[in-house]
1. Select from the range B:104-118 the residues that are at pLDDT below 85 and more than 9 Å from every other protein chain (Cβ to nearest Cβ) and list them in ascending order.
2. Could you list, in sequence order, the residues of the range A:307-320 that are of a type outside the set (Gly, Ala, Ser) and either over 15 Å from A:Tyr219 (Cα atoms) or surrounded by 21 or more Cβ atoms within 10 Å (Cβ to Cβ) (or both)?
3. I'd like the full set of residues that are of a type in the set (D, E, K, R), over 13 Å from A:Val84 (Cα atoms) and assigned to a helix (DSSP H, G or I), limited to the range A:11-50.
4. Select from the range B:11-35 the residues that are away from chain A (no Cβ under 13 Å) and either closer than 23 Å to B:His46 by Cβ or surrounded by fewer than 16 Cβ atoms within 10 Å (Cβ to Cβ) (or both) and list them in ascending order.
5. Could you check how many residues of the range A:212-236 are of a type in the set (Asp, Glu) and within 12 Å of chain B (Cβ to nearest Cβ)?
6. Being more than 10 Å from chain B (Cβ to nearest Cβ), of a type in the set (A, V, I, L, M) and over 21 Å from B:Trp109 (Cβ atoms) is true for just one of A:Leu148, A:Leu65. Which residue is that?
7. With (1) more than 19 Å from the chain's Cα centre (by Cα); (2) in contact (Cβ under 8 Å) with a residue 40 or more places away in the chain as the list, and A:Thr299 as the residue in question, which single condition is left unmet?
8. Give me the residue from the range A:147-167 that is more than 19 Å from the chain's Cα centre (by Cα) and in contact (Cβ under 8 Å) with a residue 12 or more places away in the chain and, out of that set, nearest to A:Lys297 (Cα to Cα).
Amino acid sequence: MFKTKNIFNELKLGEKCRELGVDLWSCPRFIFVIMGAVIITAIVVTYVVGQHYVSPDAIILLVSLLTVFLLVVGQTIVSAFERVVVGRNREIAHVKEIIELRDQFVYIAIHDLASAATAMKWGMRTLEPKIYSHLPPAEKELFAHLRLRNERLIGLSRQILNITKLESVNIILRNETIDPIAFISGELASAGRNFTSKGVSVIYNPPSECPLIEIDPKYFTDLLRTLLNEASDHAAKPTGTVHIFLSHTTDTISITIENDGPALDPLAQQHIFEKLWKDENGSRIEGLGFGFYIAKKITDLFKGKISFTSIPDHTVFVITLPLHPIQ
Amino acid sequence: MNENQKTILIVENDTILSSMLMNALTLAEFRVVQAFNGVEGIDAVHTYKPDLMLLDIDMPEMNGIVMLQKLHEEGNHTPAIILTNMNTPEQVANATEEGAYEYLVKADWELDQIVEQIKSKLKV
């Protein structure tokens, strides 16, 4: 008795059917229980009838009727399953459509935002040599703040775009064979001015040789830029240093990015790869936004690993990536 | 006009960005031609035979990728740098497939860096 009760509790028919969003008679689990009860009853009835009516015709008729009945019940169950699956597929398609619409909106909004920020960036750079030297100190400071805020806006736009790409339903990796030593050098060259404006020196120590890697260069660029940007933001102030090391095994390469800034907040360390993590008071920890979340998502996309250690004057991120894509 | 002067075609619908690019390139002693959509861009390629094109992607009437496709169909392979802002992964992929010389995100670059890129591509 106890066991029977447990089984019924375990089945949680009403709850499970509500979860599926179908009524009781379209709920596979419920119909399955009913079918079980019908089969048991049918077997018992067949046995009893068989005991009392020995005519083979009567038995054949009874078994035939029973078979037809079971076929109907079976068909009902299959239809119920199909209804649930069709409903789910429709829901998934709807969610995909909403995500795609959201992505399109983000792409358009970010494109327009970035265009406006670019106009500000180029405009300020064009005006700077002409007017900067004539400005009083307070306005020079304002000018510098405007540039900094504009760069942050560009950085945020890029991060939102990256997150949208990474959370998109259709990520297609377009792998190419690249030389990691040269690739990292190229990235450092394009980020050079950004480092200088933050007062950060970069030291890159590549090995004399490194195997080629098959990887999507666009996402690889996003990964390197994100981690280099975070390292330069967290390096010692007013002047800091970022070290980059590259090493390899027979199957992987490892990129180590090290900065000499203060240790990351211990609480932040626990949640470093979470998007916009907030503490129990609903407050955000400075520097814990999108960057490390993006780095982790891209590393996962490459089936690689990312790890870090952070002590005062020494925060190190290590990314290990397979040389050949893992399916 | 200096005979060795290189011609750059800017195809960009944002008039402010286009003007700033034009000023920077003119100061660097390039001959600069502006177009504000893909249709005007194709006409300008036929008329001015630029040495290099700076192409935006999102433009009215005809976008930069379609413009590149049409030029390729007629056998014109003028080098192009796609200069745009944070587009979808598909747009980036299409630009690369159409043989764009290079793909630069505007917001990542200062004007003088773009001029340097162009000089290095044209070996000026």
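1. Answer for the range B:104-118, where residues must be at pLDDT below 85 and more than 9 Å from every other protein chain (Cβ to nearest Cβ): just B:Leu104.
2. Result: A:Phe308, A:Thr309, A:Ile311, A:Pro312, A:Asp313, A:His314, A:Thr315, A:Val316, A:Phe317, A:Val318, A:Ile319.
3. Taking the range A:11-50 and keeping what is of a type in the set (D, E, K, R), we get A:12, A:15-16, A:18-19, A:23, A:29.
Subsequent filtering for residues that are over 13 Å from A:Val84 (Cα atoms) retains A:12, A:15.
Within the range A:11-50, just A:Glu15 meets the criteria.
4. Answer for the range B:11-35, where residues must be away from chain A (no Cβ under 13 Å) and either closer than 23 Å to B:His46 by Cβ or surrounded by fewer than 16 Cβ atoms within 10 Å (Cβ to Cβ) (or both): B:Val11, B:Glu29, B:Phe30, B:Arg31, B:Val32, B:Val33, B:Gln34, B:Ala35.
5. Adding up the residues that qualify gives 2.
6. Numbers: A:Leu148 fails: over 21 Å from B:Trp109 (Cβ atoms).
When all the criteria are applied, what remains is A:Leu65.
7. For A:Thr299, the failing item is (1).
8. In the first step, residues of the range A:147-167 are kept if they are more than 19 Å from the chain's Cα centre (by Cα); the result is A:147-155.
Subsequent filtering for residues that are in contact (Cβ under 8 Å) with a residue 12 or more places away in the chain retains A:147, A:150-151, A:153-155.
Numbers: A:Arg147: 30, A:Asn150: 26, A:Glu151: 23, A:Leu153: 22, A:Ile154: 21, A:Gly155: 18 Å.
Ranking the candidates gives A:Gly155 first.
The values are calculated or read from the model by the stated rules, or taken from the named source; none is laboratory data. A quick note: this is a predicted structure, and the numbers were derived from the prediction, not measured. Neighbour counts are summed over all protein chains in view; Cβ atoms, including those assigned to glycine, are modelled from backbone coordinates with ideal geometry.
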